[in-house]
1. Would you mind checking region 314-345 for residues with the amide N under 13 Å from a putative spin-label position 7 Å along Cα→C-beta of Asn244?
2. Test of understanding: given the chain, find the longest segment containing no GluC sites (Glu not before Pro) that are in a DSSP loop and have at most 16 other Cβ atoms within 10 Å.
3. Need the full-extension length gain, Thr110 to Ser26, defined as separation in residues times 0.36 nm minus the C-alpha distance. One decimal, nm.
4. Tell me, what is the percent relative contact order of the chain, built from C-alpha pairs under 8 Å that lie six or more residues apart?
5. Among Thr385, Thr282, rank each residue by its count of other Cβ atoms within 10 Å, from fewest to most, as a rough exposure measure.
6. Can you compute the modelled spin-label distance between Ala399 and Val3, with each label point 7 Å from Cα toward Cβ, in nm?
7. Specify the inter-centroid distance of region 215-285 and region 156-197, based on alpha-carbon positions, in whole Å.
8. Which whole-number percent is the relative contact order of region 173-217 (Cα, under 8 Å, 6+ apart)?
Amino acid sequence: MRVLDFRVANPPELPRAEVDVDSVLSVVEPVVQAIKWHGLPALQQFTQQFDKVVPEHFSVNPAELTRALEELDPKLRQAFETAIERRRQVAADEALEVVTTKLAPGASVTNRPVPVRRVGLYVPGGLAPLCSTVLMNVIPAQVAGVGSIAVCSPPQAEFNGLPHPSVLAMCALLGVDEVYAAGGAQAIAMLAYGIEGLCQPVDMITGPGNVYVTAAKRLVRSKVNVDAEAGPTEIMVLADGDANPVYVAADLVSQAEHDPLAAAVLVSDSHQLITAVRAELTKQVNAAKHAKRIRTALQGPQSAAILVRDLEQAVEVANEYAAEHLEIHTKNAAAVAAQITNAGAVFVGPYAPVPLGDYTAGSTHVLPTSGFAHASSGLTVRSFTKTMQVIEYSKAAFAKVAEVVEEFGATEDLPAHAFAASVRKEPEK
């Protein structure tokens, strides 16, 4: 991992993975259009081309979900159930409530949350079978009141064209029985446009994926809502000289394990800590199962150790970077965390590592990447809810503000607007 010195007057640019979604749009658009216009034959063609296996049935038989759950290791099932319980508990507090504002006698505006009718949830199946992504997408949708949920995950040749068994078992635990063995851009197109006799179109698509999935999401945005254009995963660790280098290195490695493009960034005012962490990284990477993948990520331009003057500058760097995951390993970590305004999720102290948030913290792990935490949030119950305003005015209440409506209509040169107000002031015929 390289070291960048930010103590200088003109520091270098912050490290960031470069993912060019535009460069693959020309490849993805024909796939999306083919699914839109030709349906099942196109889905079969692209599934064979990209996944190298075509399932006997794209719609997974509910019996397969039951079988996957029955064959799930008991300890793993217990882990799944613990994660589900904690995520549901947090999700219950995320839900919006009906709020009515009384503006005057007979005049009120009610904000009423309405769940999205139908959502499609994408679960990757490439480098890792992300069964945790199932619960992170399904639970907030269920708590929001979404009535129809479809899950897509790529078919796996080693499982006879079905998605990974852990993905199927998680769906069974969550009571989701509409599951498709479909992946990549073709799955996103199927969810957006539907395929007659197989899958009804959805209103919203969520879930992470590779650059081709991201490009497909961009192409269908005019048809359905999507959660985000997710880039490679990121971790930033803000640490002082008292931090444990073994913990810091382990957490950087844990995110680098996801993807060769994963970003792992350390920010510290202690040169000694940076040196110790780099030495520890060498030990841990050499012993890791996915050493090649991790080493590629740590040595890439998206990863670095950043040396800063002090913690004040460290906070400035963290807020500018707006990490997907930000860990705080400092004295008074909670006080430092309170100064963070831009991050997908903040993990406070040495015993709140990112993998805790990935699985059992109760928080969401579907978070904004690529600096989008400057203006967006992670996936929660609110993501699956639209707010509808209900306006109710009595005749007397309207009469008190009718002239205000007329004034606005006149100044905006919209006389019909003004008339719609003035006509109600006249005696009813």
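We did not get these values from a lab; they are worked out from the coordinates using the rules stated. Being a predicted model, the structure only gives us computed values, none of them experimental. Here the Cβ positions follow ideal geometry from the backbone for every residue, glycine too, while neighbour counts run over all protein chains shown.
1. Those under the cut-off are 329-330.
2. Values: sites that count: Glu13, Glu18, Glu56, Glu71, Glu97, Glu196, Glu412, Glu428.
Excluding the exposed sites themselves, the longest stretch runs over 197-411.
3. On the way: separation 84, 0.36 × 84 = 30.24 nm, distance 4.49 nm.
The Thr110-Ser26 span can extend by a further 25.7 nm.
4. Details: 850 pairs, mean separation 89.1, N = 429.
The normalised contact order for the chain reaches 21 percent.
5. Numbers: Thr385 22, Thr282 13.
Going from least to most buried by this count: Thr282, Thr385.
6. 7.9
7. 29
8. On the way: 35 pairs, mean separation 16.5, N = 45.
Taking the mean separation of contacting Cα pairs over the length of region 173-217, I get 37 percent.
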